[in-house]
């Protein structure tokens, strides 16, 4: 199972591809960050995030995409950018019929460290160990993206297969021309 | 000047196209709602919003897109969906090099009614009058989208021209292959 983990953000969007199955050693396929300039306008930044993620999807052809679930109890300015970047990630995957799973930060931390309240250093250390790397991936967004992918691989495989079938079905349905629910309007 | 107004939402995304210039009578070109099923998964809904908005952009070729600015002080569950739908609208326009303007609800209300605290009925009544319609557009999301477009047309035309030039420049820059700022990673 090949999973692309995405830690969404406009300034740094962490991406990491991990391959493996639950209970077997995991393999790192790629890790990096899609960056957009903080001084660019929002539209330009969202297009750059889309282009960056499309390249990762083209290159690695993941079977699943795992995205960090965004909550709005955090900093108001940050959370809007995070929500918008996550929308782009979910859109890019869903357009291709790739199932998307959302995991909360504490689910991810609990999966890789055993504690939902682990700090960044602990997550980085466990990602390094689980993927047999020489050093923790930098920046932390890249390590978090790998942790998301690992968390997803360790979920019940049967659940993933169901989700994959549902996402494929949905993507085929939404590709049908002029789906009656999708648009309703009148034109003067 | 032809403007597509977008009142972003996952369940109902209001869309309205208005043509005109400040100080002259305005013309309604189209109004409607892009709907997505509330029981579908988020990825499917974002793809449906994208497809719906792409059809409006294809059909009406607006020169500007005006999107309601989302704040996160509102209901937590609703605001995330609104932020994600607005990201799709901003992305669709920016990919085409169409400048995007964000207007707050109170800016829009003040523009069409004279008061930033006007209610839905008042906004609907003024949209009906300004576009010389027989009845207020339904649902309110559609009327709000038209109000956004009208608000945008009434902004300083010089400012719009500057923004149009900047958006075109940004879209050309982001279309350049492998922009060095957009992605940085390593592949195992």
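Coordinate-derived values only; no laboratory data. Here the structure is a predicted model, which is why all the values come from computation and not from measurement. Every residue, glycine as well, gets a Cβ built from its backbone with ideal geometry; the counts of neighbours run over all protein chains shown.
May I ask you to derive the relative contact order of region B:2-175, considering only C-alpha pairs under 8 Å and at least 6 residues apart, and to give it as an integer percent?
30 percent
If the chain between residue A:38 and residue A:63 were fully stretched, how many nm would it gain, using 0.36 nm times the residue separation less the Cα-Cα distance?
Length gained, residue A:38 through residue A:63: 5.9 nm.
List residues of region B:1-18, by number, whose backbone nitrogen lies under 17 Å from a label position 7 Å along Cα→C-beta of residue B:107.
The answer is B:3-8, whose backbone nitrogens lie closer than 17 Å to the label point.
Sorting A:56, A:154 on the 10 Å Cβ count, fewest up front, what's the list?
Details: A:56 26, A:154 16.
Lowest count first: A:154, A:56.
Can you grab the distance from the C-alpha centre of region A:41-117 to the C-alpha centre of region B:82-115, Å, no decimals?
Using only Cα atoms, the two centres lie 23 Å from each other.
Using a label position 7 Å from Cα in the Cα→Cβ direction, what is the ascending list of nm distances from residue B:132 to the same site in the other copies?
Sorted ascending, the copy-to-copy spacings read 7.6 nm.
Within 10 Å of each residue's Cβ, count the other Cβ atoms and sort B:169, A:60 from fewest upward. Please report the intermediate quantities before stating the final value.
Working: B:169 12, A:60 18.
Least crowded to most crowded, the residues run B:169, A:60.
Test of understanding: ordering B:82, B:11 by Cβ neighbours within 10 Å, fewest first, what list do you get?
B:11, B:82
Rounded, prolate or oblate: which fits region A:1-83 when a ≥ b ≥ c are the square roots of the eigenvalues of the alpha-carbon gyration tensor, with rounded for a/c under 1.5 and prolate only if a/b beats b/c?
The shape class here is oblate.
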